[in-house]
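What follows draws every value from the coordinates through simple rules; no lab data is involved. These figures come from a predicted structure and were not determined experimentally. For neighbour counting, all protein chains shown are included, and Cβ atoms are generated from backbone atoms with ideal geometry for every residue, glycine included.
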Amino acid sequence: MGIEVNGKTLETDEEGYLASLSDWEPAVAGVMAEIDDCELSENHWEVINFLREYYEEYQIAPAVRVLTKAIGKKLGKDKGNSKYLYELYPYGPAKQACKYAGLPKPTGCV
Amino acid sequence: MAAKKPEFETPVIDHDQLVPALARGALQHSQPFVAKPEIQEGIGFPGELVDNWQRVAVDKLGELVGKSRGLQVYLDSCVKCGACTDKCHYFLGTGDPNNMPVARQDLLRKVYRRYYTLPGKYLPWLVGAQDMTEEVLDEWYRYFHQCSQCRRCSVYCPYGIDTAEVSMAAREIMDTVGKGQKYCNEIIGKVHKLGNNLGLPEPALADTLEGLEEDVEEETGVSVAFPLDVKGADVLLVTPSADFFAEPHIDGLIGYAKVFHQAGLSWTISSHASEAANFGLFIGSYDNMQKVALRIREAALELGVKRIVFGECGHAWRVAYSFLNTLAGPFDFLDPRYPVPQHIIEVTHDLMKRGALTLDAEANDDKRVTFHDSCNVARASRMGNHAGGQFSLPREVISSVCNHYYDMPANTIGEATFCCGGGGGLLTDDLVELRVKGAMPRMQAFSEVTERHGITHLAAICAICKSQFSKVLPYYGFEMDQVVSVHQLVGDALQLGSPE
């Protein structure tokens with residue numbers, strides 16, 4: 001399986017996550033969002049950027065609580081809650097936003 | 001943006017409906033992703049279907065039956081009485097007759113009969129015996145991944161047939177021939193490599209715990225520690241890694257920390273054994289289950305703790321309570337005055353009884369609560385020192401911190417509890433239709449108690465149940481945040497600071 005981004009075919013797994021982290025570029029998020037009928041706003045990008053920064057440091061996506069806290073600091077307290085994140089990413093902020101950010105899917109009892 | 005509409009219909013909750021109409025093949029299409037070769041090989045199985053897989057499968061079945069007298073009895077003794085047929089949540093939610101426990105287990109039983117019973121060898125057509133074929137393997141893969149090994153059917157079986165054991169055997173045979181399930185097997189590989197299901201490395205765990213210390217201090221003004229890898233601590237807390245990551249799990253972790261803090265117990269989490277879950281159980285693999293369990297022993301020895309306490313995780317408690325000593329014992333280096341292992345509910349319950357915690361149940365007056373008994377706790381373990389303690393202790397804990405507690409109908413709780421719909425290694429997005437439909441009986445009971453008592457929250461003591469309910473509650477018209485950790489309720493009612 002794969003997705004077409006800027007003329008290149010990038011390999012993805014069964015659920016649409018990038019097979020290789022290093023394949024990611026900002027356009028990847030846009031293409032994946034289009035598949036889900038989603039239009040990426042600046043606020044979506046705040047989440048994606050934070051996930052990528054965190055992943056770079058810790059090799060894992062942040063806990064939902066860490067993410068909500070960070071987004072609350074950036075976008076205002078009223079947006080620092082999981083309800084808002086689920087509005088942005090209805091398939092679940094951890095899973096859907098990780099996918100757009102090119103990160104692997106969080107596994108386990110989550 | 002709105003989530004795309006699901007490609008299936010959520011069952012309608014009908015309080016009068018006891019048994020669904022049969023819908024042959026209703027979930028014939030449901031099967032989880034198959035594990036890739038590197039995942040399979042990482043946990044000791046062939047990467048893909050081996051050449052002579054029929055022979056290997058039949059031999060493995062013979063080996064399992066030879067090793068486990070129990071399994072043989074379960075395969076031999078079913079008389080098709082039908083008592084189990086309407087007891088499985090997946091049957092009740094889908095109407096697929098292959099999800100009647102007797103029919104599902106017969107998918108394996110017919111192969112057993114063909115190769116290991118006299119009539120099956122000579123007169124297979126007379127006794128419903130069948131060759132191990134590709135079609136059979138495919139059916140196994142579909143329907144043994146539609147059993148959450150919850151063992152509700154076993155409660156009603158007059159012969160006490162443990163159907164979960166049959167499902168585990170089927171999954172082990174499939175792994176042995178090279179056809180494993182991606183979700184479970186990828187996770188087991190992560191535990192071997194990184195110590196937990198999430199794949200959470202030590203620095204990330206340390207950062208998360210530090211963040212929680214800040215949050216709790218900000219919220220309560222009290223400095224509550226979340227210690228990691230502290231040598232010489234008294235208590236090693238082994239908890240599902242979802243407690244470090246997901247909601248509402250993490251609020252439960254905060255609750256445990258507050259209890260330890262207030263009781264003055266020295267405790268620690270281990271980065272080496274940063275996972276209570278043991279998915280080796282789900283795939284019936286003793287080797288993997290033991291390897292996962294041994295991490296806990298290693299961590300306990302390395303840190304020099306005196307007690308091992310398990311956090312809120314259903315099947316982990318089954319493995320811990322029933323098998324830990326045989327898998328990773330003896331634990332003679334721990335303090336003999338405490339049970340090995342102990343459940344966090346037992347710790348909190350004991351402290352409450354002794355008056356060591358100051359509780360203000362009014363803190364939870366905004367909630368009307370019911371409790372979901374997790375299947376592995378309910379039917380495969382115990383708490384406290386009396387029969388049924390696994391039912392009474394959690395309820396006593398909740399009732400001590402909530403003024404409004406009500407049970408769901410009696411035939412849906414206690415040992416008759418319904419699975420959340422996501423247990424047994426099925427908590428994965430590729431099985432979401434199965435999970436939503438299988439949740440129907442629990443949602444039916446929850447909706448009944450909601451109508452009768454105005455229930456607002458569903459409390460649980462299992463990471464899988466919590467994630468599953470967060471996912472499926474909205475399908476049934478509820479809110480995802482109506483599920484809470486029992487220790488979140490405890491933590492919110494606990495008065496921190498010096499006792500007056």
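The table that follows gives values for the structure above.
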read-out	value
Selection status of A:TYR58, buried (at least 22 other Cβ atoms within 10 Å of the Cβ) and not aliphatic (A, V, I, L, M)	no
Per-region count, the range B:30-61, residues in contact (Cβ under 8 Å) with a residue 24 or more places away in the chain and in a loop (DSSP other than H, G, I, E, B)	14
Hits in the range B:62-74 (condition: among the small types (Gly, Ala, Ser) and in contact (Cβ under 8 Å) with a residue 60 or more places away in the chain)	B:SER68, B:GLY70
One residue from A:VAL66, A:VAL47 being within 8 Å of chain B (Cβ to nearest Cβ), of a type outside the set (Ser, Thr, Tyr) and in a helix (DSSP H, G or I)	A:VAL66
Options B:CYS147, B:CYS153: the member that is part of a helix (DSSP H, G or I) and either crowded, with 24+ Cβ neighbours inside 10 Å or within 14 Å of chain A (Cβ to nearest Cβ) (or both)	B:CYS153
Residues (of a type in the set (S, T, N, Q) and within 8 Å of chain B (Cβ to nearest Cβ)) located in the range A:69-91	A:SER82
Extreme residue, nearest to the other protein chains (Cβ to nearest Cβ), among residues of the range A:92-110 that are farther than 25 Å from B:GLY314 by Cα and in a loop (DSSP other than H, G, I, E, B)	A:PRO104
Selected residue (criterion: farthest from the chain's Cα centre (by Cα)) from residues of the range B:426-461 that are polar (S, T, N, Q) and outside any helix (DSSP H, G or I)	B:THR456
Test set (1) more than 8 Å from chain A (Cβ to nearest Cβ); (2) farther than 17 Å from A:GLN59 by Cβ; (3) touching a helix residue (DSSP H, G or I) at 6+ places or on another chain (Cβ under 7 Å) - B:PRO240 fails condition number	(1)
Candidate set: the range B:71-117, residues that are in a helix (DSSP H, G or I) and among the polar types (S, T, N, Q); chosen: the one nearest to B:LYS437 (Cα to Cα)	B:THR94
Within the range B:190-218, considering residues that are over 30 Å from B:LYS291 (Cβ atoms) and away from every other protein chain (no Cβ under 12 Å), the one surrounded by the fewest Cβ atoms within 10 Å (Cβ to Cβ)	B:GLU217
